1. In this structure, is Ile26 part of a helix (DSSP H, G or I), surrounded by 14 or more Cβ atoms within 10 Å (Cβ to Cβ) and under 19 Å from the mean Cα position of the chain (by Cα)?
2. Just give me the residues in segment 1-23 being crowded, with 16+ Cβ neighbours inside 10 Å and part of a loop (DSSP other than H, G, I, E, B), in sequence order.
3. If we scan segment 76-96, do we find a residue that is under 25 Å from Thr111 (Cα atoms) and either within 12 Å of the chain's Cα centre (by Cα) or at pLDDT 95 or above (or both)?
4. Starting from segment 75-96, take each residue that is polar (S, T, N, Q) and list its partners that are outside any helix (DSSP H, G or I) and at pLDDT 80 or above, counting only C-beta distances under 7 angstrom and pairs at least six apart or across chains.
5. Looking at this structure, is Ala46 open to solvent by less than 40 Å² (accessible area, probe 1.4 Å) and farther than 15 Å from Met132 by Cα?
6. Regarding Gly103, is this residue more than 12 Å from Tyr124 (Cα to Cα), of a type outside the set (Lys, Arg) and in a helix (DSSP H, G or I)?
7. Limited to segment 107-142, what total is found for residues that are open to solvent by less than 90 Å² (accessible area, probe 1.4 Å), polar (S, T, N, Q) and part of a helix (DSSP H, G or I)?
8. Quick check, is Phe38 of a type outside the set (S, T, N, Q), surrounded by 15 or more Cβ atoms within 10 Å (Cβ to Cβ), part of a loop (DSSP other than H, G, I, E, B) and at pLDDT 95 or above?
Amino acid sequence: MDYSFLQKLHSGWAYVAVLLLFLAAINATMGYMSKKEFFPKDRKIALFALIAIHIQLVVGIILYFVSPLGKASLGEMKDAALRLTSLEHPLFNLIAIALITIGWSGHKKATSSEAKFKKISFFYAIGLVLIMIRIPWSSWLN
């Protein structure tokens, strides 16, 4: 598969994934704060965000192993831009996706609407923050 195609797919899909994650976190926070009932619509919003973020993970893992960034040596980690794209970005995003997945799993075990919203709100928001602080903004916005 072509490296530049994967790079464009990963960058383009990131807009969708981040937007859905943001919407899910906001929806869950508003639901939690207003103490509303957890409806199937709320579940679907969180599920679509989870699916989008996992698609982004799969594309990112494939991209990592076919790109030169995945082959960067540890001696080159003094370069901040290289360290961001080859180490920090993947590591923070793996942690963020794990937290988002924990939030999804936790909401399924919760029995009350308040607990469901709380799990999604907390874990999705933390995941979103981790993703946003480690996006390589200089290359993503080009």
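1. Answer is yes for this residue.
2. None; the set is empty.
3. Within segment 76-96, one or more residues are under 25 Å from Thr111 (Cα atoms) and either within 12 Å of the chain's Cα centre (by Cα) or at pLDDT 95 or above (or both).
4. Between residues of segment 75-96 that are polar (S, T, N, Q) and residues that are outside any helix (DSSP H, G or I) and at pLDDT 80 or above, the close pairs are Thr85/Pro136; Asn93/Arg134.
5. Yes; evaluated as a whole, the condition is true for this residue.
6. The answer is no for Gly103.
7. Number satisfying all stated conditions: 3.
8. Yes: the conditions hold for Phe38.
The values are calculated or read from the model by the stated rules, or taken from the named source; none is laboratory data. Computed from a predicted structure; not experimentally measured. With ideal geometry, Cβ positions are generated from the backbone for all residues, glycine too; neighbour counts draw on all protein chains shown. Heavy atoms of the whole protein, side chains included, go into the accessibility calculation; ligands, DNA and RNA do not. Shrake-Rupley method; radii C 1.70, N 1.55, O 1.52, S 1.80 Å.
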